[in-house]
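Let me give you the structure first, and then I'll get to my questions.
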Amino acid sequence: MMRVAVVGARARVAAALVEKAGPDLEIITVSRPDVSLEDRDAVLAGVKAARPNVVINAADYAAVDRAECEADLAMRVNAPGAGHVAEAAASTGALLLHLSTDYVFVGALETGRRSSGRQVLPERRDSADGVGLQSVRRLTS
């Protein structure tokens, strides 16, 4: 049976994933209040205790309307927090699926998908989601 650690299990997407998980998956949730993404040691310990084959990071600071007022918190959760999850997955040898939002990208494609089938949009380097994605890439490349 495959063990899947879902970080941020109370997020809408994560809750749907947990609900739809098939019988071949053992889902272990890693989320608040037990684990805060800002606490590196707690993230590492929580993921290690789950002994996952796969880590799904669905956690983020998602209150977009408050993010400007709470920019420090949003940045700590979405940037180093995402990095902590990537580090924890790597330390256990688990595969990582990092979910993010479209707030990572600047603008919109005028013509939909490119001929290669991949969307190509420039990434925002100033948003918490954009910085978080950069943290994940650094730790998983």
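Exactly one of these conditions fails for GLN119: (1) buried (at least 22 other Cβ atoms within 10 Å of the Cβ); (2) modelled with pLDDT under 70; (3) not aromatic (Phe, Trp, Tyr). Give me its number.
(1)
Which one of these does ASP72 not meet: (1) at pLDDT 55 or above; (2) charged (D, E, K, R); (3) within 22 Å of ALA15 (Cα to Cα)?
For ASP72, the exception is condition (3).
Just to be sure before I move on: is SER100 surrounded by fewer than 21 Cβ atoms within 10 Å (Cβ to Cβ), modelled with pLDDT under 55, hydroxyl-bearing (Ser, Thr, Tyr) and not in a helix (DSSP H, G or I) in the structure I sent? Reasoning before the result, please.
Working: surrounded by fewer than 21 Cβ atoms within 10 Å (Cβ to Cβ): yes; modelled with pLDDT under 55: no; hydroxyl-bearing (Ser, Thr, Tyr): yes; not in a helix (DSSP H, G or I): yes.
Criteria not met by SER100.
Which residues, counting only those in region 1-25, are in a strand (DSSP E or B) and more than 11 Å from the chain's Cα centre (by Cα)?
Those that are in a strand (DSSP E or B) and more than 11 Å from the chain's Cα centre (by Cα): MET2, ARG3, VAL4, ALA5, LEU25.
Looking only at region 68-97, count every residue that is in a helix (DSSP H, G or I), touching a residue at least 40 places away in the same chain (Cβ under 8 Å) and hydrophobic (A, V, I, L, M, F, W, C) and tell me the total. Give the steps one after another, and end with the answer.
Filtering region 68-97 for residues in a helix (DSSP H, G or I) gives 71-78, 80-92.
Right, trim to touching a residue at least 40 places away in the same chain (Cβ under 8 Å) and you get 71, 74-75, 77-78, 80-92.
Going one step further and asking which of them are hydrophobic (A, V, I, L, M, F, W, C), we end up with 71, 74-75, 77, 82, 85-86, 88-90.
Of the residues in region 68-97, 10 are in a helix (DSSP H, G or I), touching a residue at least 40 places away in the same chain (Cβ under 8 Å) and hydrophobic (A, V, I, L, M, F, W, C).
Just to check your reading of the model, which residue among VAL55, VAL7, VAL85, VAL35 is modelled with pLDDT of 95 or more and surrounded by 19 or more Cβ atoms within 10 Å (Cβ to Cβ)?
VAL55
The values are calculated or read from the model by the stated rules, or taken from the named source; none is laboratory data. Note that this is a predicted model, so its numbers are computed, not measured. Virtual Cβ from ideal backbone geometry, glycine too; neighbours counted across all protein chains shown.
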